[in-house]
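Here the structure comes first, spelled out in structure tokens, and everything after it is commentary.
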Amino acid sequence: MQSNSEHPLAKAIVDYANEQMGARRKLEVKNFQVIAGRGVYAEVQSKKVYVGNQQLMTGSSLNVPSIALEYLQDMEKQARTGVLVAVENEIVGAIAISDPVKDDAAAVISILKSMGIQSIMVTGDNWGTANAIGREVGIDMIFAETQPQGKADKVKDLQVFMKLSVKGSS
């Protein structure tokens, strides 16, 4: 199902599954839908399957059990993105995905700070994961859970704000 998605996290899931399963048969996937910033939905062998974040599950009227919520929170603290899997109306699994921070990221942020440059991160990651990464590398300002279509708008808003701030201080 994830092989129909272009999202980097979906690619990581597909690559891992292919590595683990080898050349097993592919399942028939129908009605594949990307729900931007939340995950994907499809019918797999006539069953409704959801793969995505907590917002996808609750927005699809699925009950997220407390054990799954605890897992998601624990993953956020470890700077990992938790992805839930539901079949029909039941959460059946969870996956944790992490994109390792580049070795020199903290050093680059530090150099930028020494030059008086403020660092800002705009990400679709949840607040817990975003804050953990931000703390790790020293990012000054974080905007998390930003929908894909909203990222460019956020950057434009920040550019306008920064221009106004520079004019106001002259």
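The values are calculated or read from the model by the stated rules, or taken from the named source; none is laboratory data. The structure presented is a predicted model; accordingly, all values stated were derived computationally and were not measured. Glycine gets a Cβ as well: all are built from the backbone with ideal geometry, and neighbour counts include every protein chain shown.
Data table
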{"quantity": "Restricting region 77-110 to residues that are assigned to a helix (DSSP H, G or I) and β-branched (V, I, T), the residue that is farthest from V64 (Cα to Cα)", "calculated": "V108"}
{"quantity": "Which listed residue, of A130, A94, is closer than 19 Å to L56 by Cα, at pLDDT below 90 and not aromatic (F, W, Y)", "calculated": "A130"}
{"quantity": "Counted residues, region 68-106 - those being within 18 Å of V137 (Cβ to Cβ), β-branched (V, I, T) and surrounded by 15 or more Cβ atoms within 10 Å (Cβ to Cβ)", "calculated": "1"}
{"quantity": "Condition met for A132 (closer than 30 Å to N53 by Cα, without any contact (Cβ under 8 Å) to a residue 60 or more places away in the chain and in a helix (DSSP H, G or I))", "calculated": "yes"}
{"quantity": "So I109, is it crowded, with 16+ Cβ neighbours inside 10 Å and assigned by TED's automatic domain parsing to the domain that holds D74", "calculated": "no"}
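A quick yes/no check of all residues on (1) basic (K, R); (2) within 22 Å of the chain's Cα centre (by Cα):
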site	(1), (2)
S114	no, no
V122	no, yes
D125	no, yes
T129	no, yes
E136	no, yes
I139	no, yes
K154	yes, yes
F161	no, no
